[in-house]
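Right, I'll just put the structure down here and ask away after.
The values are calculated or read from the model by the stated rules, or taken from the named source; none is laboratory data. Bear in mind the structure is a predicted one, so any value in this text is a computation, not a measurement. Here Cβ is always computed from backbone atoms with ideal geometry, including for glycine, and neighbour counts include all displayed protein chains. Surface areas here come from the heavy atoms of the whole protein model, side chains and all, with no ligands, DNA or RNA. Shrake-Rupley method; radii C 1.70, N 1.55, O 1.52, S 1.80 Å.
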Amino acid sequence: VKTDDGQSIECKIKGNFRLKGIRSTNPVAVGDRVRIILNQEGTAFISEIEDRKNYIIRRSSNLSKQSHILAANLDQCMLVVTINYPETSTIFIDRFLASAEAYRVPVKLVFNKVDAYDEDELRYLDALINLYTQIGYPCFKVSAKNGTGVAEIKKALEGKITLFSGVGKSTLINSILPGIETKTGEISSYHNKGMHTTTFSEMFPVEGDGYIIDTPGIKGFGTFDMEEEEIGHYFPEIFKTSADCKYGNCTHRHEPGCAVRKAVEEHLISESRYTSYLNMLEDKEEGKYRAAY
């Protein structure tokens with residue numbers, strides 16, 4: 001635990017924390033604000049976890065009915081994507097955004113490897129940035145390799161707790177915080193030789209009073225229960241348009257008087273976003289969204 005006056009103190013959890021409605025393998029997570037009771041040895045007990053404004057969970061890797069809290073109290077998430085080498089599909093981006101909406105975590109999209117694209121790819125990149133900016137997701141163009149756009153990212157991290165996710169995020173984090181890789185390795189081995197690296201999140205201070213949370217191995221958050229009629233709520237532009245649908249419980253597939261399908265036909269809602277929405281509905285039907293615990 002890092003205290004308000006900047007000390008780091010080795011802490012244990014006092015007693016059993018039963019969190020309201022979450023069966024979790026880790027009651028306390030990176031980003032939690034806690035109260036501690038110091039003891040003579042200079043270590044401490046965590047006596048209380050303060051209420052979280054949000055958190056992100058995923059299915060625990062070993063206990064199917066338990067979840068694992070990856071991080072709590074996030075101000076934003078930066079999703080690092082590439083339009084080639086390899087391509088991040090819009091379906092993946094949209095699932096991630098919908099899941100983050102469900103967790104109430106604002107997302108900024110970071111388009112990486114801009115140094116590697118040809119003219120057509122750059123045009124496609126600008127079209128995507130245009131699409132997501134209009135929906136309300138801020139976008140950045142960067143090259144972690146040659147440093148383009150990294151200054152803007154640093155600025156956006158100031159005073160905020162930011163979770164990084166996506167492909168190639170390590171290279172980007174490294175260009176923001178040089179030497180972080182060696183630090184990460186040391187901390188992991190110091191804590192616990194047998195620690196499951198995929199569930200080990202860490203928080204690093206960045207300039208301007210912010211923090212970066214690096215969560216290894218998170219590919220997206222689709223690990224919670226979404227009701228079929230809820231999925232559209234997590235696509236802001238679909239949600240907004242759905243107010244004009246003839247039926248309140250419209251799934252925007254085949255119902256008469258559907259304002260969303262009309263908006264797609266008129267290019268007011270992008271086809272790629274609508275496809276992602278349908279893709280998530282199909283998953284729901286096949287039971288891929290397992291119930292949350």
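Name the residues in the stretch 93-124 that are of a type in the set (Asp, Glu), surrounded by 14 or more Cβ atoms within 10 Å (Cβ to Cβ) and either in contact with a Lys or Arg (Cβ under 8 Å, 6 or more places away or on another chain) or within 24 Å of ASN146 (Cα to Cα) (or both), would you? Talk me through it step by step, then tell me what you get.
Step one: of the stretch 93-124, the residues of a type in the set (Asp, Glu) are 94, 101, 115, 118-121.
Those still in the list that are surrounded by 14 or more Cβ atoms within 10 Å (Cβ to Cβ) too: 94, 101, 121.
ASP94, GLU121 - these are the residues of the stretch 93-124 that are of a type in the set (Asp, Glu), surrounded by 14 or more Cβ atoms within 10 Å (Cβ to Cβ) and either in contact with a Lys or Arg (Cβ under 8 Å, 6 or more places away or on another chain) or within 24 Å of ASN146 (Cα to Cα) (or both).
Something else about it: Which of the residues that make up the stretch 137-159 are of a type in the set (Ser, Thr, Tyr) and modelled with pLDDT under 95?
Narrowing the stretch 137-159 to residues of a type in the set (Ser, Thr, Tyr): 137, 143, 148.
Listed by number, the residues that qualify are SER143, THR148.
Let me confirm something: among ILE218, ILE269, which residue is open to solvent by less than 40 Å² (accessible area, probe 1.4 Å) and at pLDDT 95 or above? Walk me through it before giving the result.
Numbers: ILE218 fails: at pLDDT 95 or above.
Only one candidate passes the filter, namely ILE269.
Looking at (1) surrounded by 17 or more Cβ atoms within 10 Å (Cβ to Cβ); (2) in a loop (DSSP other than H, G, I, E, B), can you tell me which one GLY42 breaks?
In the conditions (1) surrounded by 17 or more Cβ atoms within 10 Å (Cβ to Cβ); (2) in a loop (DSSP other than H, G, I, E, B), GLY42 misses (1) alone.
Sticking with this structure for a sec: Go through (1) touching a Lys or Arg at 6+ places or on another chain (Cβ under 9 Å); (2) part of a helix (DSSP H, G or I); (3) modelled with pLDDT of 90 or more and name the single condition THR171 misses.
(3)
I've got another one for you. Pairs under 6 Å by beta carbon, first residue farther than 23 Å from LEU131 by Cα in the stretch 247-268, partner not aromatic (Phe, Trp, Tyr), six or more apart or different chains?
TYR247/GLU255; ASN249/GLU229; CYS250/CYS258; GLY257/LYS246
State whether one or more residues within the stretch 113-136 are within 23 Å of MET203 (Cβ to Cβ), at pLDDT 90 or above and of a type outside the set (A, V, I, L, M). Quick ask: steps written out before the conclusion?
Pass one, the stretch 113-136, residues within 23 Å of MET203 (Cβ to Cβ): none.
Within the stretch 113-136, not a single residue is within 23 Å of MET203 (Cβ to Cβ), at pLDDT 90 or above and of a type outside the set (A, V, I, L, M).
Taking only pairs six or more apart or across chains, which ones have beta-carbon atoms under 6 Å, a first residue in the stretch 155-179 that is under 14 Å from PHE111 (Cα atoms), and a second residue that is part of a loop (DSSP other than H, G, I, E, B)?
Pairs found: SER165/ILE218; GLY168/ASN112; THR171/ALA144; LEU172/ALA144.
Checking ILE212 against (1) closer than 30 Å to VAL1 by Cα; (2) over 19 Å from the mean Cα position of the chain (by Cα); (3) modelled with pLDDT of 80 or more, which test does it fail?
Here ILE212 clears every test but (2).
If you don't mind, there's one more thing I want to ask. Could you identify the single residue in LYS154, LYS145, LYS108, LYS113 that is of a type outside the set (S, T, N, Q) and closer than 26 Å to GLY232 by Cα?
Details: LYS154 fails: closer than 26 Å to GLY232 by Cα; LYS145 fails: closer than 26 Å to GLY232 by Cα; LYS113 fails: closer than 26 Å to GLY232 by Cα.
On inspection, the qualifying residue turns out to be LYS108.
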